[in-house]
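Notes follow once the structure below has been shown.
The values are calculated or read from the model by the stated rules, or taken from the named source; none is laboratory data. Since the model is a prediction, treat every value here as computed from it, not as a measurement. Surface areas here come from the heavy atoms of the whole protein model, side chains and all, with no ligands, DNA or RNA. Shrake-Rupley method; radii C 1.70, N 1.55, O 1.52, S 1.80 Å.
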Amino acid sequence: MMDRSTWIIGAGLGFIVTWLAYSLPFINSVIRVGGIFIIVNIITCIWLGFHLASHARGWQLLVFPLCFLVAVLFFGARYTLYLPLVYLAISYLAWSMKRSQTKAGD
């Protein structure tokens, strides 16, 4: 079963916001990496991990990192190519923690 909010947030933040962060002239690299790529995207990864643990399958954890990777390959700097692995690891950690809590509560 597909989770619509995962696809909307994954494509929206992963591709569209990344494209905007690189194309808007008033967003410098410190705000782009520190504010958007680290703070906003990591909070999104944690939320997606918790959300998908109770609603959908784990393979959908790949949606956000892959959308971000595609956007970075087209628009971004090379030093941000490692961030999708970080996002996937954080999402998986949140997903597995939530799943272990729900199984322990059964």
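Gain in length, Ile8 to Ser29, computed as 0.36 nm per residue apart minus the alpha-carbon separation, to one decimal in nm?
5.0 nm
Put Tyr82, Tyr22, Tyr92, Tyr87 in order of accessible area, largest first, 1.4 Å probe: what do you get?
Final ranking, largest accessible area leading: Tyr82, Tyr92, Tyr22, Tyr87.
Specify whether the C-alpha gyration tensor of segment 1-55 places it in the rounded, prolate or oblate class, a ≥ b ≥ c being the square roots of the eigenvalues: rounded for a/c under 1.5, otherwise prolate if a/b is larger than b/c and oblate if not.
Oblate, because a/c is 1.5 or more while a/b does not exceed b/c.
Using only Cα atoms, tell me the angle between helix 41-55 and the longest principal axis of the chain; keep it within 0 to 90° and round to the nearest 10.
30 degrees
Can you send over the solvent-accessible area of Phe75, 1.4 Å probe, protein chains only, in Å² to the nearest 10?
Accessible area, nearest 10 Å²: 80 Å².
Got the relative contact order for the chain handy, in percent, Cα pairs under 8 Å and 6 or more residues apart?
39 percent
With angles folded into 0 to 90 degrees, how steeply does helix 83-104 sit against the dominant principal axis of the chain? Use alpha carbons for both and round to 10.
Taking the Cα atoms of the chain, the angle to 83-104 is about 20 degrees.
Quick one: accessible surface of Val33, probe radius 1.4 Å, all protein chains present, in square angstrom to the nearest 10.
Near enough 40 Å² of accessible area.
Would you rank Ile27, Ile38, Ile43 by solvent-accessible area, highest first, keeping every protein chain in place and using a 1.4 Å probe?
The residues order as Ile43, Ile38, Ile27, largest area first.
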